[in-house]
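Taken together, the values in this text are just the output of simple stated rules run on the coordinates, not laboratory data. What you are looking at is a predicted structure, and each value in this text was computed from that prediction instead of being measured. Note: ideal-geometry Cβ built from the backbone for every residue, glycine included; neighbour counts use all protein chains shown.
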Amino acid sequence: MRYIYLITLHCIFCHWLPEISDQLIVVEDLRHLPARAMTYTALEELLTTRRDHWQLTERPGIKELIRVIEEHELLQIAEIASNEYGWKTRYALGKVSLLQLASSFYKGSYLSHGTALQIHGLASQNQVFVNHEQSPKAFGSRLSQSGLDRAFKSPQRQSNYVFRYGPRTITFLNGKNTGRAGVVEIQGTEHGSLQVTTLERTLIDVIVRPQYAGGIRNVIKCFEKAKDRI
């Protein structure tokens, strides 16, 4: 009886060993990739690409691979919500910061206004502002002083495309096309690699849209702090 029991344990162990070994290969490889937030489709593409590199003894499906990395706490599902626009979902691989998550919803988007002020060390903001530029358009009417006067006498237009993420909010701005003028990549921040407007571009943006930077009084303070840096 004991002999049969030992044979059974041996068979179970030999069956589990390749599976455990494969899981360790997957987890260890993904652990060394840069943290990122992505769509489910992008996650599928990543795992499909890496699966050829892993050379696993078996060929698990995508859902099985996702289950494995979830169990090892390498993957989290992040959702942002809006009463008006519903939910948006991203799959976060590794430790993804709020700013990285917010930047992942639109290709080519970047952090701007009050969030850029925070990154440049000029202000503290609870809201996150992400700029997603419109497609290029033919040049319309010329600027005129009367047109500028009318624009600045009217209340500032504000985006209502606002989502909640825990206690924080993320506002998506559909800004004019600038060809990403004054947008740079900042490395080594506590939030990881980020696309953000330069200090000079940020100061221009917040003068035009001060409500995205805590109001005009806060903007004035930021200009005072930045006077020796520009």
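Gaussian network model of the chain, Cα springs within a sub-10 Å range: biggest mean-square fluctuation belongs to which of ILE119, ILE69, ILE204? Comparing ILE119, ILE69, ILE204 in a Gaussian network model of the chain, the most mobile one is ILE204. Coupling constants for segment 217-222 follow from the phi torsions by the Karplus curve (6.51 cos²θ - 1.76 cosθ + 1.60, θ = phi - 60°), and in residue order they are 5, 5, 4, 4, 4, 5 Hz; glycine and proline get x. Under the criterion of Cα pairs below 8 Å and six or more residues apart, the relative contact order for the chain equals 18 percent. Cross-link partners for LYS221 among the lysines, with Cα-Cα distance under 30 Å and sequence neighbours closer than 8 places in the same chain left out: LYS153, LYS176. Take every DSSP beta bridge whose two residues both sit in segment 97-226; close to 65 percent of them are antiparallel. Over segment 104-230, what is the relative contact order in percent, taking alpha-carbon pairs closer than 8 angstrom and at least six residues apart? Reported as a whole number, the value is 32 percent.
Taking the DSSP bridge list for the chain and keeping only pairs wholly inside it, about 80 percent are antiparallel.
Exposure proxy for SER21, SER135, SER144: other Cβ atoms within 10 Å of each Cβ, ordered fewest to most, give SER135, SER144, SER21.
So what's the net charge close to LEU117: Lys and Arg +1, Asp and Glu -1, counting the other residues with Cβ under 15 Å from its Cβ? Once positives and negatives cancel, what remains is +4. Here's the list of aspartates and glutamates a cross-link from LYS107 could span, going by alpha-carbon distance under 20 Å and ignoring same-chain residues fewer than 8 apart: GLU44, GLU45, GLU79, GLU133, GLU185.
Note on HIS32, HIS191: ascending count of other Cβ atoms within 10 Å places them as HIS32, HIS191, the fewest first. Counting only the Cα atoms, segment 37-137 fills a convex hull of 163 Å³ per residue.
Evaluated with a Cβ-only charge set (Lys, Arg +1; Asp, Glu -1), the chain carries a dipole of roughly 1240 debye about its Cα centre, given to the nearest 20. Between 0 and 90 degrees, the angle of helix 40-54 with respect to the longest Cα principal axis of the chain falls at about 40 degrees. Annotation: the residues ARG36, ARG59, sorted from fewest to most other C-beta atoms within 10 Å of their own C-beta, follow the order ARG59, ARG36.
The Cα trace of segment 97-226 gives Rg and Dmax of 14.9, 45 Å, the first to one decimal, the second as a whole number.
Here are a few candidate values for P(r) over Cα pairs in 10 Å bins from 0, in percent: [x] 6, 22, 20, 10, 6, 4, 3, 3, 4, 7, 8, 5, 1, 0; [y] 8, 35, 40, 17, 1, 0; [z] 7, 25, 26, 18, 11, 7, 4, 2, 1, 0. Which one was actually calculated from the structure I just gave you? Answer label, from the structure shown: [z].
How much length is gained if the chain between HIS53 and ARG217 is pulled fully straight, taking 0.36 nm per residue apart and subtracting their Cα-Cα distance, in nm to one decimal? Please list the in-between numbers first.
On the way: separation 164, 0.36 × 164 = 59.04 nm, distance 5.48 nm.
Gain on extension, HIS53 to ARG217, equals 53.6 nm.
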